[in-house]
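Undergrad: Dropping a structure here in structure tokens format, bear with me for questions.
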Amino acid sequence: MYSIEEIKELIATLDNSGLTNLEIVDQKGERLTLKKKTTEADSHAVNVTVPVGTVGSVAPTAAIPQVTESQAAPDEPQAQPKGKTIDCPMVGVFYTAPSPEADPYVKVGSVVNKGDVVCIIEAMKLMNEVTATQSGTIKEILAENGDIVEYGQPLFVVE
């Protein structure tokens, strides 16, 4: 079927794409199905079946189409938060506090100065502090503790 390295490459490709499911069928009819865990907020699932000539003759990722958010959801406009935002600098898991027992860095109504830590993004088992890009008052927190967030996603509304 596939080597561990080929499967790891397919998993990485699925993680870095907008796809939620990937199914590959080879000439012998053997199937490899990968599914990404989704939340109820993910309203548009895309299932792609990629026939593969012979195992190893075609790079497994060569036939995977890239689906952008605008292609997946043409009917729904993206809701943009009103006001200035502090955006996510990387893909990872959003945490409001340095540990589960600790108080959150900021709450709605907190006053922050440029450079203050507002949250942590866990990426590849590393905890990365996110700092305020501007001074102001936190008007809204747009992500929940433990949410998976994307690069450029607004996390906080600051006034």
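Undergrad: Taking residue 95 as the residue in question, decide whether it is within 30 Å of residue 12 (Cα to Cα) and aromatic (Phe, Trp, Tyr).
TA: yes
Undergrad: For residue 113, indicate whether it is over 30 Å from residue 15 (Cα atoms), outside the structural domain of residue 15 (by TED's automatic domain parsing) and exposed (fewer than 15 other Cβ atoms within 10 Å of the Cβ).
TA: yes
Undergrad: Can you tell me which residue among 59, 72, 79 is modelled with pLDDT under 95, hydrophobic (A, V, I, L, M, F, W, C) and farther than 24 Å from residue 37 by Cβ?
TA: Among 59, 72, 79, only 59 is modelled with pLDDT under 95, hydrophobic (A, V, I, L, M, F, W, C) and farther than 24 Å from residue 37 by Cβ.
Undergrad: Please specify each residue of the stretch 12-48 satisfying the condition of being loosely packed, with under 13 Cβ neighbours inside 10 Å, closer than 23 Å to residue 93 by Cβ and modelled with pLDDT of 75 or more.
TA: Residues satisfying the conditions are 12, 15, 16.
The values are calculated or read from the model by the stated rules, or taken from the named source; none is laboratory data. Keep in mind that what you see is a predicted model, and the values were worked out from it rather than measured. FYI the Cβ positions are ideal-geometry reconstructions off the backbone, even for glycines, and counts take in every protein chain you see.
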